[in-house]
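Here is the structure we will look at, set down as structure tokens.
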Amino acid sequence: MVRILGIVGSPRKGGNTEIIVRHALEAARSVGAETEIILLAENRVEPCDGCGVCSKTGKCRIDDDFEHVFNRMTEADGLIFASPSYYESMTPHMKALIDRSGTFNSSAHSRTKFDGKVAGAMSVARRTGLANVWTQQLLFILSQKMIVPGIKSYANAVGSTKGDVLKDPEGMETSWDLGVAVAKLAQKLE
């Protein structure tokens, strides 16, 4: 059975980003996938400081929750990255994870940990920044040699107040479609 991991980059627990990720994971389960969610708000992932230790030792020198999150990412068959738009960009939480993951995965000791995994991106915004956020996440996905499920590789939802995304039928539908697409492609590649 394939495992799909949803990563919520919002600092707000139970907020709109978490709601759409849980919806996408429910969709993945509906087609037979096993799912897990990681809330970056519950994990401390510091920014990369560019020290280069990981490329020499295969281990990051920063003592935080990064290794736990990275290991969950490498164990999953499919990944869903999700962040709200904070001033037209992903949150610092998601940016730190992406920077650390990309740098660590590029070291001589780790290359290929993400190669061939299926992944998609999600964003939530009150009004603007949706495309900026999912394209930033998709750039990471593609640079790490992950595979996107075609036209269903991203989802957007509009909302500001907790629960607003539930009033966005198109956002809920695209998040469901993304969950199904990631799970089905991961099953096909298994």
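Just so it is clear, none of the values below were taken in a lab; they were calculated from the coordinates. What you see is a predicted model; the values in this text were computed from it and never measured. Please note: Cβ atoms are built from the backbone with ideal geometry, for glycine as well, and neighbour counts cover all protein chains shown.
Things to note:
- For the residue pairs K13/K95; K13/K145; K56/K113; K117/K162; K113/K188; K152/K188, the alpha carbons lie more than 22 Å apart in K13/K145; K117/K162.
- Over all other residues within a Cβ to Cβ distance under 10 Å of A186, the charged ones net out to +2, with Lys and Arg as +1 and Asp and Glu as -1.
- Taking Cβ atoms as reference points and 11 Å as the exclusive limit, the residues near N43 contribute a net charge of -3, counting Lys and Arg as +1 and Asp and Glu as -1.
- Cα-based helix-to-principal-axis angle, 92-105 vs the chain, degrees rounded to 10: 40
- Computed from the C-beta positions of L139 and E34 and an R0 of 25 Å, the FRET efficiency is 0.35 to the nearest 0.05.
- Cα centre as origin, Lys/Arg/Asp/Glu Cβ charges: the range 1-65 dipole, Debye: 100
- Overall Cα dimensions of the chain - principal axes, largest extent first, Å: 49, 37, 24
- Charge context of S175, other residues only, Cβ under 10 angstrom, K/R +1, D/E -1: -4
- Burial ranking of peptide ranges 71-78, 7-14 (average Cβ count within 10 Å, highest at the top): 7-14, 71-78
- Efficiency of FRET from Cβ geometry, L189 and E67, R₀ 41 Å, rounded to 0.05: 0.95
- Structure-based [θ]222 nm, the chain - -39500 (n - 2.57) summed over DSSP H runs of at least 4, per residue, nearest 500: -13000 deg cm²/dmol
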